[in-house]
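See below for the structure under consideration.
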Amino acid sequence: MQTNDVSSIIKLIPDISVSIVLASIVLLLVWFILSVKNINTNNEHFKELLRDAAELHDEMLFKQKHDEELFKQPPPGGDCPICFLRLPILRTGYKYYSCCGNIICSGCVYAPVYDDQGNEVDGKTCPFCRTELPESDEEDMAERLTKRIDVKDPIAIHDLGCCYRDGKHGFTQDHVKALELFHEAGELGHTIAHCNIGYAYEVGHGVEVDMKKANQYYELSAIGGCTQARYNLGNMEVETGNMDRALKHFMIGAESGYNDSLKGIQELYTDGYATKEDYTEALQLYQTYLGEIKSVQRDKAAADDEGNRYY
């Protein structure tokens, strides 16, 4: 088989990655050798060669499908149940309430609360269900969070895992227990939990350092929409010199509203690994996200307290 023949095959299959084409060519070459040379197909050496070529083809095809899933833009996160605007991804831009299990944006948390008669009441009640708030985080953990865990609320389970990981709110630091809870929350669909598992494997919290597993959990989390995991993957690709893949991760992160991903693209542009068009597109995608989350009430909350900043 000549080089021109190989080029012709590749041109005939434009929608398939080159790696899969090359694997397919290996299969063709094996077939060609067996046919032209009239070699006995029962020869164990050539049987093994054919099996290896088929396995390579399958591996390349699997990798392509995996990358298609990995680099697909995840859907945006949920909306605030009060103002119905898209929730920001910045952690200070929303709050989880264990009384009702809702995530409420900083603007609605900050806004005045009124009773059924229209009278303003103090801010010591949940903005959504009007349940009186606990006096301390310890009380919240001991009572309400436990109830949410009993009904398998993945956010509550994850938050308890964070308490064990950080040794906060009266809990003794226990990385092994934290990992157990992160795994449980992840199995229930909480993508941030998978990111925390990935980080545990990256730094060795409760487990031996295992970068392969860290990458696997970061990928699982990123596919589910976790922007921190997506950013981590981008940095890992930069470290290994895979700038094209890093750019893809950062671009997805920028569209999802992750400012550090936008900065990552800026750095790639400065270093010559991204084009001006790439950076311009990322800026436009990030601005679109800001347009979907901005509100007067959220701006008021952020202006009053840095702890309410939402972008």
Exercise. Taking only the alpha-carbon positions of region 172-311 and ignoring solvent, what does the Debye formula give for the base-10 log of I(q)/I(0) at q = 0.09, 0.16 Å⁻¹?
Worked result: -0.34, -0.91
For this session: Would you mind counting up the charge near Tyr201? Only other residues with Cβ under 13 Å from its Cβ, with Lys and Arg at +1 and Asp and Glu at -1.
Result: -2
Seminar exercise, completed: Taking 0.36 nm per residue of separation between Val207 and Asp271 and subtracting their Cα-Cα distance, the length gained on full extension comes to 19.5 nm
Exercise. Summing Lys, Arg as +1 and Asp, Glu as -1, what charge do residues with Cβ under 14 Å from the Cβ of Leu160 carry, Leu160 excluded?
Worked result: -4
Exercise. What FRET efficiency would be calculated for the residue pair Val176, Glu135, taking the C-beta separation as r and a Förster radius of 35 Å, to the nearest 0.05?
Worked result: 0.70
Seminar exercise, completed: At 20 °C and 1.002 mPa s, the Stokes-Einstein diffusion coefficient in µm²/s for region 112-238, with hydrodynamic radius from the Kirkwood sum on alpha carbon pairs, is 133 µm²/s
Exercise. Taking the alpha-carbon set of region 174-242, what are its Rg and Dmax in Å?
Worked result: 11.5, 36
For this session: Compute the signed sum of charges (Lys and Arg +1, Asp and Glu -1) over the other residues within less than 9 Å, Cβ to Cβ, of Leu188.
Result: -2
For this session: Can you pull the one-decimal nm distance between simple spin-label points at Lys124 and Asn235, each 7 Å off the Cα toward Cβ?
Result: 4.1 nm
Exercise. Just the Cα atoms of region 245-311: what Rg and Dmax do they give in Å?
Worked result: 13.7, 40
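Read the figures in this text as sums done on the coordinates, not as results from a lab. Values in this document were obtained by computation on a predicted structure and should not be read as measured data. Here Cβ is always computed from backbone atoms with ideal geometry, including for glycine, and neighbour counts include all displayed protein chains.
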